[in-house]
Amino acid sequence: MIERVWRSRSRTGGPFLSMAEGNIELVITRLPGFSAVTLRGPVSRGSIVECPANGEWLAIRFRLGTYLPRISTAALVDHQDVHLPVISDSRFWLADMAWEIPTYDNAEVFVARLSRAGVIARSHATDAAVEGDVDWMSRRSVQRHFRRATGMTFSSYQQIQRARHAAALLIGGSSVLDVTFDAGYFDQAHLTRAVKHFIGMTPARLLREQPQLSFSYKTSAGRPDTRLPCA
């Protein structure tokens with residue numbers, strides 16, 4: 001049920017580019033004099049946000065299709081985050097139960113406990129949609145289950161993934177023309193509209209400014225693979 005566990009630390013803070021994404025995350029935030037446990041949902045468009053200084057974050061990024069039966073994923077979309085009650089420095093409240101705040105080392109054990117308690121579940125229809133294996137279920141049913149689990153249509157998810165792929169190519173140094181072809185856009189205008197909407201910056205600006213992106217799968221040597229969780 002886990003796609004990735006990540007952690008991050010900020011010293012001076014500053015702006016970064018938060019891209020659209022389709023996953024749910026459980027984020028633990030620690031700032032001077034403040035702690036929070038937050039359930040974050042999918043984001044349908046990119047934006048530039050500020051990250052506070054002197055912060056530490058730990059997050060469990062759930063695999064696409066993982067959802068909480070008691071909380072609608074659609075209710076979490078676009079920064080409608082749920083801040084879960086923190087009982088103490090080591091415990092928080094979720095689904096009418098107190099849970100130990102996970103650490104980087106025990107995150108998988110923590111998620112296994114959530115699964116056994118029925119707090120989280122998986123919709124295998126999301127895998128069928130992504131992999132194109134819809135023989136066991138009608139396409140309409142797959143689309144319905146995908147939307148219920150992820151809070152978005154499969155078409156929206158595909159557009160987000162394609163724009164994120166295009167952004168990675170641009171940050172990697174590919175030209176706008178090459179990215180238009182490699183990412184499967186009709187023309188440069190189509191690429192520009194999509195990247196500006198889902199990533200938060202035009203392709204030309206990405207090439208020119210090389211901004212720090214939110215959670216990204218490809219990183220340069222010596223640069224941590226993190227997603228700063230500022231809202």
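Does ASP127 qualify as being of a type in the set (Asp, Glu) and surrounded by fewer than 12 Cβ atoms within 10 Å (Cβ to Cβ)? Judged against the criteria, ASP127 is not a match. Residues that are part of a helix (DSSP H, G or I) and modelled with pLDDT under 80 within region 131-161 comprise GLU131, ARG139, ARG140, SER141, VAL142, listed in sequence order.
Residues in region 40-58 that are touching a helix residue (DSSP H, G or I) at 6+ places or on another chain (Cβ under 9 Å) and either outside any loop (DSSP other than H, G, I, E, B) or at positive phi (or both): ARG40, VAL43, LEU58.
A count restricted to region 86-130 and to residues that are assigned to a helix (DSSP H, G or I) and not hydrophobic (A, V, I, L, M, F, W, C) stands at 7.
Can SER123 be described as hydroxyl-bearing (Ser, Thr, Tyr) and either more than 21 Å from the chain's Cα centre (by Cα) or at pLDDT 95 or above (or both)? The answer is no for SER123.
Restricting attention to region 69-85, the residues being surrounded by 13 or more Cβ atoms within 10 Å (Cβ to Cβ), assigned to a helix (DSSP H, G or I) and not polar (S, T, N, Q) number 2. Filtering region 86-124 to residues that are in contact with a strand residue (DSSP E or B) (Cβ under 7 Å, 6 or more places away or on another chain), aliphatic (A, V, I, L, M) and surrounded by 15 or more Cβ atoms within 10 Å (Cβ to Cβ) leaves VAL86, LEU94, ILE101, ALA107, VAL111, VAL119, ILE120. Residue check: VAL37 meets all listed conditions (1) in contact (Cβ under 8 Å) with a residue 60 or more places away in the chain; (2) under 30 Å from GLN143 (Cβ atoms); (3) in a strand (DSSP E or B) but one, namely (2). Among the residues of region 189-203, write down those that are part of a helix (DSSP H, G or I) and small (Gly, Ala, Ser). Result: ALA189, ALA194. Considering VAL27, VAL49, the condition of being in contact with a Cys (Cβ under 8 Å, 6 or more places away or on another chain) and within 18 Å of HIS79 (Cβ to Cβ) is satisfied by VAL49 alone. Looking across region 6-29, the residues that are modelled with pLDDT under 95 and not in a loop (DSSP other than H, G, I, E, B) come down to TRP6, ARG7, SER8, ARG9, GLY14, PRO15, PHE16, LEU17, SER18, GLU21.
The values are calculated or read from the model by the stated rules, or taken from the named source; none is laboratory data. Keep in mind that what you see is a predicted model, and the values were worked out from it rather than measured. Note: ideal-geometry Cβ built from the backbone for every residue, glycine included; neighbour counts use all protein chains shown.
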